[in-house]
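Chemist: Below you will find the structure I want to go over with you.
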Amino acid sequence: MIHSKKQSRQVSHNLIIGVLVSGRGTNLQQILDEVESGRLHASVSVVISNCGSAEAISRAKARGIPAIFIDPKAYAATAEYDRAILDVLKNHDVELVVLAGYMKIVSSILIEAYRNRMMNIHPSLLPAFSGLYAQRKALEYGVKISGCTVHFVSEEVDAGPVILQAAVPVEESDTEESLSARILAQEHQIFPKALQLYSDGRLQVVGGRVIIAEG
Ligand code: GRF
């Protein structure tokens, strides 16, 4: 929940998170590690994948977390698929949805149900280089600084109120792989941090912008 400014200070609670994934799952792993070590005051109640072979599923199962593959092919439309996801999220008491490398467009069904309660991570400094291959696009454009962004999810893809960003300088010698690796290291820093801010009730969305209350 987004707390009001008055409530916002030091209101840490055990935030229940649901994570949507499609692939490798290193961001999920980082979140699980920080939960386990007690650095992140939250718990992950369910992981949902739109891809049956996602490594992220094994990462969740290794921690004893329910990990569910929901096959998009079994649904005629995205709205129906998202309704099925919503049911699972509700059954697992999810307060905050985390898109951690979730490669499917989210419909208004989910966005409205979790307005300002759904976060995504993107490997660029948004609004630059939204969409796929953000790191490649940054290299091709020749920017000297790229990075990553955690934002609340809105109807527009890779848009929505920005919560945290981290800058990553681009080196002359960078390849897509080397830049992606340095950006990923920063993703692993800022995603759990954004979740902790939320858990502490320090995030407020005002006029489309995120205000972070002092800790
Ligand atoms: C990350 O680069 C993230 O920014 C993007 O998808 C990738 C997911 O990586 N949205 P992982 O599955 O968390 O390892």
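Chemist: Residues in segment 140-166, backbone N under 12 Å from the label point at residue 209 (7 Å along the Cα-to-beta-carbon vector): list them, ranges by number please.
Modeler: Under cut-off, by backbone N: 162.
Chemist: Between 131, 101, 201, which gets the highest mean-square fluctuation from a Gaussian network model of the chain, Cα cutoff 10 Å?
Modeler: Maximum among the listed residues: 131.
Chemist: How far apart, in nanometres, would the label points at residue 105 and residue 171 be if each is projected 7 angstrom from Cα along the Cα-to-Cβ direction?
Modeler: Between residue 105 and residue 171, the simple spin-label model gives 3.8 nm.
Chemist: Sequence-distant or interchain residues sharing an amide H contact under 5 Å with residue 92, placed H: which?
Modeler: none
Chemist: Starting from the Cα-Cα distance between residue 155 and residue 73, subtract it from 0.36 nm times their residue separation and give me the gain in nm to one decimal. Could you put the intermediate results ahead of the total?
Modeler: Details: separation 82, 0.36 × 82 = 29.52 nm, distance 2.27 nm.
Gain in length upon complete extension: 27.2 nm.
Chemist: Which ³J(HN,Hα) values in Hz, rounded to whole numbers, follow from the phi angles of segment 206-214 under the Karplus curve 6.51 cos²θ - 1.76 cosθ + 1.60, where θ = phi - 60° and Gly and Pro get x?
Modeler: The phi angles translate into 10, x, x, 10, 8, 9, 9, 6, 5 Hz.
Chemist: Just to verify a number: FRET efficiency for residue 140 and residue 24, C-beta to C-beta distance, R0 = 25 Å, to 0.05? Write down the numbers at each step before the final one.
Modeler: Details: r = 23 Å, r/R0 = 0.93.
With R0 = 25 Å, the Cβ-Cβ based efficiency is 0.60.
Chemist: Using a Gaussian network for the chain with springs between C-alpha atoms less than 10 Å apart, which of these wobbles most: 145, 85, 183?
Modeler: Highest fluctuation of the listed residues: 145.
Chemist: Can you list which of the GluC sites (Glu not before Pro) found in segment 93-196 are DSSP loop residues with at most 16 other C-beta atoms within 10 Å?
Modeler: Working: sites: 95, 112, 140, 155, 156, 171, 172, 176, 177, 187; in loops: 95, 155, 156, 171, 172.
Those that pass, being in a loop and sparsely packed, are 155, 156, 171, 172.
Chemist: On to the next question. From the square roots a ≥ b ≥ c of the eigenvalues of the alpha-carbon gyration tensor of segment 8-129, which class results: rounded (a/c under 1.5), prolate (a/b over b/c), or oblate? Could the numbers behind the result be given before it?
Modeler: On the way: a/c = 1.37, a/b = 1.25, b/c = 1.10.
Taking the square roots of the gyration eigenvalues as a ≥ b ≥ c, segment 8-129 is rounded.
Chemist: What list of ³J(HN,Hα) values in whole Hz, one per residue of segment 152-158 in order, does the Karplus curve 6.51 cos²θ - 1.76 cosθ + 1.60 (θ = phi - 60°) give from phi, with Gly and Pro shown as x?
Modeler: Result, rounded to whole Hz: 6, 8, 10, 4, 7, 5, 6.
Chemist: Using only the Cα atoms of segment 5-212, each taken as one equal point scatterer with no solvent, compute I(q) by the Debye sum, divide by I(0), and report log10 of the ratio at q = 0.10, 0.13, 0.16, 0.17 Å⁻¹.
Modeler: Each listed q maps to, in turn, -0.41, -0.71, -1.08, -1.21.
Chemist: Using the Karplus curve 6.51 cos²θ - 1.76 cosθ + 1.60 with θ = phi - 60°, what ³J(HN,Hα) values do you get for each residue of segment 121-129, in whole Hz, with x for Gly and Pro?
Modeler: 10, 10, x, 7, 8, 4, x, 6, 6
Chemist: Shifting gears a bit: Helix-derived [θ] at 222 nm for the chain: sum -39500 (n - 2.57) over DSSP H runs of at least 4, divide by residue count, nearest 500? Before the final figure, lay out each step's value.
Modeler: Values: 7 runs with 76 residues, N = 215.
Mean residue ellipticity, 222 nm, calculated: -10500 deg cm²/dmol.
Chemist: What distance in nm lies between label points placed 7 Å from Cα along the C-beta direction at residue 132 and residue 63?
Modeler: Placing both labels 7 Å beyond Cα along the Cβ direction yields 2.8 nm.
Every number here is computed from the coordinates shown, using simple stated rules; none is lab data. Quick caveat, the model's predicted, so the values are computed rather than measured. When we count neighbours, we look across all protein chains shown, and the Cβ atoms used for this are built from the backbone with ideal geometry, even at glycine.
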